[in-house]
Amino acid sequence: MPSPLSLRHLRPLRRPAAILTAALLAAAAALTATLPAAQAATPAPRALLVGQSNTGAWNDLTSATGADPQGGSVYYSVRDGGFSGACGSSCESTYASFLADRGKQIEVGVSWKDNPPGWDGNDADKQTAAQQATAAIAAGGYDQQFTALSSFIAAHPAATFLVRVDYEVSTPFFCTGGTDCTSYKNAFRHVAQLLRAQSGAGNRVQFVYHPVRGQFDALYPGDDVTDWVGVSVFNNDLCQPYRENGTTYWNGTEDTAARTCSGYYDDYVNGNVNAIPHAYPVDLNILRMMWWAQQHGKPMLVAESGVQRMSDALASDGTQPDADFTAFMQRLNTLVTYRGPLPNGVVDGAQTHFTGTGYDLSQVIRAVTYINIDWRYGFDGQTSPTSPIALPPSSGWYVNSLLSRYPQGRSTFCAMLSSAAFATTCH
């Protein structure tokens with residue numbers, strides 16, 4: 001938990017040195033005692049996970065870096081009752097087995113939002129169907145759909161599992177009437193209890209609360225059932241350009257003059273609190289979310305991150321300029337190791353303001369999933385033109401983001417792994 005007090009701000013006391021030393025040590029002990037245990041002790045190395053959904057992404061990254069990541073990510077459909085995605089069940093289950101057989105960490109995106117049970121396929125009915133499915137899951141109505149996942153976890157005792165109870169959760173899809181989020185909180189709790197009981201995996205299975213960046217406090221199921229807080233990080237989230245259908249967007253707007261996430265922070269000026277303009281390097285809601293997670297003593301997982309299209313300058317293989325790719329990696333490193341001001345306002349019931357050198361959020365993110373794929377051929381990790389989905393060339397996803405294609409970007413990525421103390425380093 002961040003504190004406005006630091007040792008550098010203690011005023012010197014006109015006392016003997018021994019008394020002053022004792023006072024300083026007591027203050028340091030009190031400050032440490034206010035931090036969550038994970039923050040007070042030297043943290044374990046950060047984990048690198050490779051997304052998503054097939055071994056091609058893994059093979060490309062490990063070949064490019066000579067690294068052995070800690071794991072990877074796959075998807076599981078409640079409607080299908082098994083590992084499933086746009087690339088089909090075979091690539092998902094094959095990658096899950098590939099990771100589990102090696103005793104890796106497996107991030108499982110359990111989903112009912114994208115294809116809700118009972119949904120008729122009409123887009124106009126999708127939100128309502130997702131809300132109804134959420135309530136039904138909370139009531140145990142779809143318990144049998146989790147049997148395959150529980151069995152897989154139980155059958156692979158060397159692996160660990162980070163289960164996202166759906167992902168990028170938001171009020172329109174998961175809260176009854178779009179406002180009452182009790183059903184999602186109960187669904188999260190029920191799924192966590194169910195999988196632990198069915199799999200017998202104990203702490204080998206942990207549960208990730210992964211909201212959209214602006215609603216992190218609305219659907220929170222509680223400290224007692226949440227192990228991790230997840231976040232998605234793409235171009236807009238890092239204030240990077242995103243090129244869609246001939247238009248460049250910056251943090252979701254067409255304001256090309258504001259190429260960073262503009263905001264304010266509160267600071268004391270002549271005894272009064274003033275709002276100071278500031279160009280933040282990442283989305284303001286993500287910084288608030290990181291501080292909120294730190295307040296709750298929860299580590300954060302960048303559950304999805306990937307480089308989208310930044311301009312029309314694409315080579316024949318779909319790659320964009322190495323400098324663009326590199327800029328994303330530099331900004332990702334800034335996020336992972338962030339120290340600085342927080343956007344002004346109230347977060348989780350507490351007023352934030354600038355203190356000293358700012359807030360230290362550099363240890364909040366403990367794992368990063370990089371989606372190492374050629375996006376032109378779909379969202380679920382296919383890495384060749386034979387994949388079943390092809391996105392239109394005007395799409396912001398139409399870009400090749402395989403790490404092996406960007407020498408400068410690879411170097412920046414490797415530098416992040418080293419400087420941010422990841423367990424994985426390049427060779």
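From the list 411, 404, the lone residue that is surrounded by fewer than 21 Cβ atoms within 10 Å (Cβ to Cβ), more than 17 Å from residue 59 (Cα to Cα) and of a type in the set (Gly, Ala, Ser) is 411. Being at pLDDT 85 or above and among the hydroxyl-bearing types (Ser, Thr, Tyr) is the filter; apply it to region 250-270 and report the residue that is surrounded by the most Cβ atoms within 10 Å (Cβ to Cβ). In this case the residue turns out to be 265. Scan region 356-390 for residues that are modelled with pLDDT of 80 or more, in a loop (DSSP other than H, G, I, E, B) and crowded, with 16+ Cβ neighbours inside 10 Å and the total you get is 7. Taking region 333-355 as the search range and keeping residues that are under 11 Å from residue 292 (Cβ atoms) and touching a residue at least 40 places away in the same chain (Cβ under 8 Å), which one is surrounded by the most Cβ atoms within 10 Å (Cβ to Cβ)? In this case the residue turns out to be 342. Among the residues here, residue 213 does not qualify as in contact (Cβ under 8 Å) with a residue 12 or more places away in the chain, touching a Pro at 6+ places or on another chain (Cβ under 7 Å) and not in a strand (DSSP E or B). The residues of region 200-209 that are buried (at least 21 other Cβ atoms within 10 Å of the Cβ) and either of a type outside the set (A, V, I, L, M, F, W, C) or not in a strand (DSSP E or B) (or both) amount to a single one, 209. Residue check: is residue 282 assigned by TED's automatic domain parsing to the domain that holds residue 365, touching a helix residue (DSSP H, G or I) at 6+ places or on another chain (Cβ under 6 Å), assigned to a loop (DSSP other than H, G, I, E, B) and farther than 20 Å from residue 374 by Cβ? The answer is yes for residue 282.
Of all residues in region 222-238, those that are part of a strand (DSSP E or B) have Cβ atoms under 6 Å from Cβ atoms of residues that are of a type in the set (Ser, Thr, Tyr) and modelled with pLDDT of 95 or more, 6 or more apart or on another chain, in 229/209; 233/305.
Somewhere in region 307-324, is a residue buried (at least 20 other Cβ atoms within 10 Å of the Cβ), among the hydroxyl-bearing types (Ser, Thr, Tyr) and either out of contact with any helix residue (DSSP H, G or I) (no Cβ under 6 Å at 6 or more places or on another chain) or not assigned by TED's automatic domain parsing to the domain that holds residue 107 (or both)? Scanning region 307-324, I find no residue that is buried (at least 20 other Cβ atoms within 10 Å of the Cβ), among the hydroxyl-bearing types (Ser, Thr, Tyr) and either out of contact with any helix residue (DSSP H, G or I) (no Cβ under 6 Å at 6 or more places or on another chain) or not assigned by TED's automatic domain parsing to the domain that holds residue 107 (or both), so the answer is no. Among the helices (runs of 4 or more DSSP H) confined to region 86-170, there are none with at least 1 residues that are under 26 Å from residue 47 (Cβ atoms), outside the structural domain of residue 302 (by TED's automatic domain parsing) and without any contact (Cβ under 8 Å) to a residue 12 or more places away in the chain.
The values are calculated or read from the model by the stated rules, or taken from the named source; none is laboratory data. This one's a predicted model, so the numbers in the text were calculated from it and none came from an experiment. Counting neighbours? That spans all protein chains shown, and the Cβs are built from the backbone with ideal geometry, glycine included.
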